[in-house]
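One structure below.
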There are 2 protein chains.
Amino acid sequence: MPRTKSTKKKKTPKDEKEEISEESKAVIAKIKETAQFILNGFVKDKPVIEVPIRGKSNIDYNRDAGIIEIDDDGRVSERIFNNLRHAKKFMQYILVMNYCNKLLSTNRTSDIRDLYYSLKRSIPGSREKTFDDQGESNPIIEDIEVSMDTLRERLHISADPKGYIVGNVVFEQTLKDRDYEINCNEVGTGWGIPSNVESDRVRITSLDAKYLLAIESAGMYNRLVEEAFHEENDCILVALKGQASRGTRRLIRRISGEKDLPVYVFVDGDPWGLYIFSVLRFGSISLSYISDKIASPSAKFVGMTMTDIKEYGLEESTHPLNKVDMKRIDDLMNLPWFQRDDWQKELKLMKKLGVRIEQQALASKSLDFVATDYLPDKIKNRKFLS
Amino acid sequence: MPRTKSTKKKKTPKDEKEEISEESKAVIAKIKETAQFILNGFVKDKPVIEVPIRGKSNIDYNRDAGIIEIDDDGRVSERIFNNLRHAKKFMQYILVMNYCNKLLSTNRTSDIRDLYYSLKRSIPGSREKTFDDQGESNPIIEDIEVSMDTLRERLHISADPKGYIVGNVVFEQTLKDRDYEINCNEVGTGWGIPSNVESDRVRITSLDAKYLLAIESAGMYNRLVEEAFHEENDCILVALKGQASRGTRRLIRRISGEKDLPVYVFVDGDPWGLYIFSVLRFGSISLSYISDKIASPSAKFVGMTMTDIKEYGLEESTHPLNKVDMKRIDDLMNLPWFQRDDWQKELKLMKKLGVRIEQQALASKSLDFVATDYLPDKIKNRKFLS
């Protein structure tokens, strides 16, 4: 097992300007390109911003890539400067783009709330505000993500962080003018997964593991960490804490993609657990325009399944599904990316039994049963839904 | 600045039995004492469990200690074995106590969901279950906490983890049979605060800082970490992520108590932010029976305040309060521990202005304003609500 010492290098402030990463320079170039396009519009007297249309109506399941995508028929929505109904959105787009340019140029990051407050002001000589509320600035960030085919994190805008990671992987993290080396084997119960894990901020320095196990609940994650499951089984453990954050999804994608590491997902046996898995694997409807960057199409579902109940004698630990759960099962069965024999069978059985089975129900056998029996059996014998 | 290397010592399994901490041994002794008391009841033919009454009706603000407490008039509620209405709770108490004893003896921890599943089963020869749902097992844990005057974490039962910490403090964390040394100066965006920070699990090895700053939102925490505020100002930063978790409250209490470190709290300027602060400082109504272990009565409120709006020119960044907010202000004004001139004045002004001001509104000045101007001014000139 390779060991590294934690180190921290402080760069001197005067280096700061030169420290803008290659990644950031590429994004700045894209921003300039877009700005030039808009400027050309002014010269031709028809200033316009083009944003690819995204929405439930035009998402599609790409069977070959195994992810949800925007149906790429090239349809764009136009924001025309000379149109009274478009003028405000046009201005907002420019304001946000300029803000991102400043963030990148000063090597800073910011979240969507900071962005809103930074840009909100009264427009002199009018009763209008640049943004009435954050509900106006959030979609503009998405517009820019889609039209520049990038991630907000690459524009140095981040979402709320959530989730933990532990195991034999070393990251190098850059914060403005400092670098940190984080060995996830030496952080006890785990490193907090940051909101921005793009390569100019977080790099995977070394990794020595057989697979990554993503776990729905913090309780189950803590159980496995305490049982030293990651050490006994040479794997990386990630706590999702419910639906995974953008940062966690992106980090899992990078680890599985860059290091070709198998990803197994361990969630509750109910429609909500299945959906958490599907978002990790296929992407989500609302973020379909970035599935290629945050979905992990090779991810496998390790449990809990309806057949586990009988196989592991968990009959006394189930709970009945309610009406909302039942409705959710029907919804999932109709999604294009759930049209797989294994999935349909699982959902049908769930409906028939009318129960859910949680990860932590395995504690009814014994506290370490999940670590000594359940997961090793599932993973060794490749009992996955696929 | 002292530097330590991260280390991990794996103890050999055969040591495991001897590795039960002094802390755990003391709790086991308490459990045995309670068991002996109950057993004596059987001998005298009146087996009974005594639980101090806790509830909204008998909580009290202890002005001298500066915390919320159970009004200690010695009233207890009895669970009588020979009473048909009490018999189930009596049994449940014994089951949970026995479960905790097993956890402590095997040096394991578990959460409240694990506990529920571990103990839920059908009672042979009846249609009764030991626990119908988790709503039955949770209050029993509280019963045991109160009657043994301890924390569930000391019984090795933990809550969900939440929150991050960064700065010049080194912890030693014990997980079953392993020890980790975690230097919070070398973890980039931060260490995930674990659910159990009792001294048999987490010890403060060294600390070199002038104060601890607890921050409501992850966004503001990330801002300050990126600006290296903790390095420039020799302080520890903690992200609460909304209402602080039990683990975070306990850790702040331990740092402020054991290391005599000042604690400053930085939250949104609205009734919810004030309440987050009050819970850190005075304790909460629902956990009044453990305020002496998780409240930090020396904590100071650094912002946001209503007077900040004018002083720092944030008029354009306020948002109107709604009816629920207004009602909440009235509720707070009536709480015994809010009867302080500063507080009443602040709440009255909030009501009069009818607005809230968020931490991140400071971004409207500039992204680094909070780090270079606002916080240094507030802290250096001790502009606190007290």
quick note, the protein assembly as shown, DSSP beta bridge pairs, % antiparallel (nearest 5) is 70
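For A:Gln339 and A:Lys352, calculate 0.36 nm times their separation in residues minus their Cα-Cα distance, and state this gained length in nm to one decimal.
Working: separation 13, 0.36 × 13 = 4.68 nm, distance 1.84 nm.
2.8 nm is the gain from fully extending A:Gln339 to A:Lys352.
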Plugging the Cβ-Cβ distance of A:Glu316 and B:Ala35 into 1/(1 + (r/R0)^6) at R0 = 30 Å yields, to the nearest 0.05, a FRET efficiency of 0.65
Partner lysines whose C-alpha sits under 21 Å from that of A:Lys310, ignoring same-chain residues fewer than 8 away, are A:Lys345, A:Lys348, A:Lys351, A:Lys352, A:Lys365, A:Lys378, A:Lys380, A:Lys383, B:Lys120, B:Lys129
Per DSSP, the loop-located GluC sites (Glu not before Pro) within segment A:122-175 having at most 13 other beta carbons within 10 Å are A:Glu128
Taking the alpha-carbon centre of each part, the distance from segment B:212-258 to segment A:326-386 in Å is 39
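Per-residue mean of other chain beta-carbon atoms within 10 angstrom of the beta-carbon, peptide A:351-363? Write down the numbers at each step before the final one.
Details: counts 0, 0, 0, 0, 0, 0, 0, 3, 3, 9, 6, 3, 10.
Counting other chains' Cβ atoms within 10 Å and averaging over A:351-363 gives 3.
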Note to self: C-alpha centroids of segment A:49-66 and segment A:95-128 sit apart, in Å, by 28
Inter-chain shielding metric for A:215-224, i.e. average beta-carbon neighbours from other chains within 10 angstrom, reads 4
Helix B:246-258 sits off the longest principal axis of the Cα atoms of chain B, rounded to the nearest 10 on a 0 to 90 degree scale, by 70
With Cα coordinates, the longest principal axis of chain A makes an angle with the long axis of helix A:271-282, in degrees rounded to 10, of 60
Of the residues B:Leu237, A:Thr318, B:Ile144, the Cα lying farthest along the dipole of the protein assembly as shown towards its positive end, which is defined by charges on the beta carbon of Lys, Arg, Asp and Glu, belongs to A:Thr318
The Cα radius of gyration of segment A:338-386, divided by 2.2 N^0.38 Å with N its residue count, comes to 1.36
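Among DSSP beta bridges whose residues both lie in segment A:13-158, state the antiparallel percentage, nearest 5. Present the calculation step by step, with values, prior to reporting the outcome.
On the way: 10 of 12 bridges.
Within segment A:13-158, antiparallel bridges account for around 85 percent of the total.
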at B:Asp132 the sorted inter-copy label distances (label 7 Å from Cα on Cβ side), in nanometres, are 4.9
Applied in sequence order to segment A:165-177, the curve 6.51 cos²θ - 1.76 cosθ + 1.60 (Karplus, θ = phi - 60°) yields integer Hz couplings, x standing for Gly and Pro, of 9, 8, x, 7, 9, 10, 10, 10, 10, 9, 10, 6, 10
Over segment A:43-111, the quotient of the Cα radius of gyration and 2.2 N^0.38 Å is 1.48
With Cα coordinates, the longest principal axis of chain A makes an angle with the long axis of helix A:87-105, in degrees rounded to 10, of 70
Expected integer from the mean partner chain Cβ neighbour count at 10 Å over B:98-109 is 1
If labels are modelled 7 Å from Cα along the Cβ direction, B:Asp234 lies from its partners in the other copies at nm distances, smallest first, of 4.8
Measuring from its Cα centre, chain A shows a charge dipole (+1 at each Lys and Arg Cβ, -1 at each Asp and Glu Cβ) which, in debye to the nearest 20, is 980
The Rg/Rh figure for the protein assembly as shown, Cα atoms and Kirkwood Rh, to two decimals is 0.97
For segment A:209-380, the dipole about the Cα centre with charges only on Cβ (Lys and Arg +1, Asp and Glu -1), to the nearest 20 debye, works out at 800
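Which FRET efficiency value, to the nearest 0.05, do you get for B:Asp60 and B:Asp331 by plugging their Cβ-Cβ distance into 1/(1 + (r/R0)^6) with R0 = 25 Å?
0.90
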With segment B:21-158 reduced to its Cα atoms and the Debye formula applied, log10 I(q)/I(0) at q = 0.15, 0.17, 0.21 1/Å amounts to -0.82, -1.04, -1.38
Projecting the Cα atoms of A:Ile379, B:Ile309, B:Ala35 onto the charge dipole of the protein assembly as shown, where Lys and Arg contribute +1 and Asp and Glu -1 at Cβ, the residue farthest towards the positive end is B:Ile309
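Cβ under 12 Å from A:Tyr374's Cβ, A:Tyr374 left aside: what net charge do those residues give with Lys, Arg +1 and Asp, Glu -1?
Numbers: positive: A:Arg223, A:Lys365, A:Lys378, A:Lys380, A:Lys383; negative: A:Glu227, A:Asp308, A:Glu311, A:Asp368, A:Asp373, A:Asp377.
Overall, the nearby charge balance is -1.
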Output row for B:Asp377: copy-to-copy label distances, label 7 Å along Cα→C-beta, ascending, in nanometres, one decimal, is 6.5
Semi-axes a, b, c in Å (a largest) for segment A:192-241, each sqrt of 5 times a Cα gyration tensor eigenvalue, come to 21, 15, 7
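Once Rh for segment A:123-173 is found with the Kirkwood sum over Cα pairs, what is the Stokes-Einstein diffusion coefficient at 10 °C and 1.306 mPa s, in µm²/s?
Working: Rh = 14.4 Å.
After rounding, the answer is 110 µm²/s.
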In whole Hz, the Karplus estimates of ³J(HN,Hα) for segment B:374-386 (6.51, -1.76, 1.60; θ = phi - 60°; x where Gly or Pro) are 4, 5, x, 4, 4, 7, 4, 8, 6, 7, 10, 7, 9
Cα extents of chain A along the principal axes, largest first, in whole Å, come to 72, 51, 38
The long-range amide H neighbours of A:Gly354, using H built 1.01 Å from N in the peptide plane and a cut-off of under 5 Å, are none
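Mind checking the dipole of the protein assembly as shown: about its Cα centre, +1 per Lys or Arg Cβ, -1 per Asp or Glu Cβ, Debye to the nearest 20? Please list the in-between numbers first.
Numbers: 124 positive and 122 negative charges, 100 e Å.
Using Cβ point charges on Lys, Arg, Asp and Glu, the protein assembly as shown gives about 480 debye.
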Computed on Cα atoms, the radius of gyration and Dmax of segment B:164-380 in angstrom are 17.5, 57
On each of the three principal axes the extent of the alpha-carbon atoms of segment A:151-287, given in whole Å and largest first, is 44, 37, 25
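The numbers here are math on the coordinates, done by the rules we state, and not lab data. Owing to the predicted nature of the structure, the values given are computational and were not obtained by experimental measurement. FYI the Cβ positions are ideal-geometry reconstructions off the backbone, even for glycines, and counts take in every protein chain you see.
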